[in-house]
Amino acid sequence: MPDSGPPRLPAPLPQEEILRLQPRPGGPVVPCPLVWRAPARARRVSLRIDPVAGAVVVTLPPGVGRRAGLALLRRHAGWVAARLAALAPPLRLAPGAAVPLGGVPHAILHSPGAPAAALVEGGAIHVGGPASTLPGHVLALLRDEAGRRIRPAIRRHAATLGVVPRAVRLKDTRSRWGSCAPDGTLAFSWRIVMAPAWVMDHVVAHEVAHLRELNHSPRFWALLDAISPGREAAQAWLREKGPGLLRVGRG
Ligand SMILES: [Zn+2]
């Protein structure tokens with residue numbers, strides 16, 4: 001490629017499309033949801049799977065057209081198809097669906113005549129109001145439950161370690177279950193409330209331990225293991241089942 005002259009600008013990228021991918025010649029054609037990204041700081045053409053969107057994300061550096069992205073995608077078609085197939089199916093929030101809370105499935109029961117809200121009772125999630133508002137009420141309930149369950153766990157671990165977080169925030173993050181900022185602010189994905197209580201507790205302990213050790217040094221791991229044994233089991237659970245929590249309320 002000559003490096004003289006102005007770079008050719010790529011045609012505007014469609015944001016999302018469904019590509020028909022054929023991993024093996026003569027093999028089955030699989031639909032591949034595709035999202036294009038072209039951030040100014042990208043250095044190379046790359047592929048990754050977005051477990052939330054259930055799509056492959058193709059990133060193009062400035063001046064590179066989509067043909068290069070499609071070529072990379074076709075070269076890795078087998079990998080992409082396998083990763084997409086392995087994604088947990090989206091869980092639609094609808095009457096009869098079972099949403100885990102503390103790792104225990106709770107069926108969604110809808111009573112259109114009841115007040116427009118969601119509440120947990122008798123191992124089920126009861127939702128009132130019109131069907132169109134049901135998903136919003138269930139998501140709001142999950143967020144509230146997350147706060148209700150995460151805050152006492154923070155207080156318990158913080159008291160053990162003699163630390164106090166500056167603030168606590170709940171978010172809907174894609175890649176991290178929790179974080180600890182240098183100013184002492186803790187943040188958690190509210191989706192962690194769907195995991196078994198011991199997994200959620202371990203995620204909380206991890207971030208609270210960062211209030212003493214803002215690093216992943218041997219000292220940090222020793223501190224965490226002292227207040228929350230079972231690190232490997234929690235990590236294994238999150239690796240295996242965590243992506244499924246990201247799919248609740250999609251589709
Ligand atoms: Zn950490």
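The values are calculated or read from the model by the stated rules, or taken from the named source; none is laboratory data. The shown structure was predicted, so the numbers you read here are calculated from the model rather than taken from an experiment. All Cβ positions, even for glycine, are placed from backbone atoms using ideal geometry, and neighbour counts span all protein chains on display.
What are the residues in segment 219-244 that are in contact (Cβ under 8 Å) with a residue 40 or more places away in the chain and either assigned to a helix (DSSP H, G or I) or within 11 Å of the ligand (Cβ to nearest atom) (or both), if any?
LEU223, ILE227, TRP237, LEU238, LYS241, GLY242, PRO243, GLY244
Tell me whether segment 114-132 contains one or more residues that are touching a residue at least 24 places away in the same chain (Cβ under 8 Å), in a helix (DSSP H, G or I) and over 24 Å from the mean Cα position of the chain (by Cα). Yes: one or more hits. One residue alone among ARG166, ARG151, ARG174 is touching a residue at least 40 places away in the same chain (Cβ under 8 Å) and away from the ligand (no atom under 16 Å from the Cβ), and that residue is ARG174.
Assess whether HIS216 counts as being within 15 Å of the ligand (Cβ to nearest atom), under 23 Å from the mean Cα position of the chain (by Cα), assigned to a loop (DSSP other than H, G, I, E, B) and farther than 28 Å from ALA117 by Cα.
Here the answer is yes, as HIS216 does meet what is asked.
Of all residues in segment 153-180, those being under 23 Å from the mean Cα position of the chain (by Cα) and not in a loop (DSSP other than H, G, I, E, B) number 10. In the condition set (1) at pLDDT below 95; (2) crowded, with 17+ Cβ neighbours inside 10 Å, ARG174 is compliant with all but (2). For segment 181-213: of the residues being over 19 Å from VAL138 (Cα atoms) and assigned to a loop (DSSP other than H, G, I, E, B), which is farthest from the ligand (Cβ to nearest atom)? Residue satisfying both the conditions and the ranking: ASP183. One residue stands out among those in segment 94-122 that are within 22 Å of LEU246 (Cα to Cα) and of a type in the set (Gly, Ala, Ser): the one that is surrounded by the most Cβ atoms within 10 Å (Cβ to Cβ), which is ALA118. Annotation: ALA209 fulfils all but one of (1) of a type outside the set (Asp, Glu); (2) on the phi > 0 side of the Ramachandran plot; (3) free of Cβ contacts under 8 Å to residues at least 60 places away in the same chain; the unmet one is (2).
Contact annotation: residue pairs with Cβ atoms under 7 Å, 6 or more positions apart or on different chains, pairing a residue in segment 179-196 that is within 11 Å of ILE150 (Cβ to Cβ) with a partner that is of a type in the set (A, V, I, L, M, F, W, C) and in a strand (DSSP E or B), are LEU186/VAL168; LEU186/CYS180; PHE188/LEU170; TRP190/LEU170; VAL193/LEU101.
Is it true that GLY147 is under 22 Å from ALA209 (Cβ atoms), in contact with a Phe, Trp or Tyr (Cβ under 9 Å, 6 or more places away or on another chain), at pLDDT 95 or above and surrounded by 19 or more Cβ atoms within 10 Å (Cβ to Cβ)?
Answer is no for this residue.
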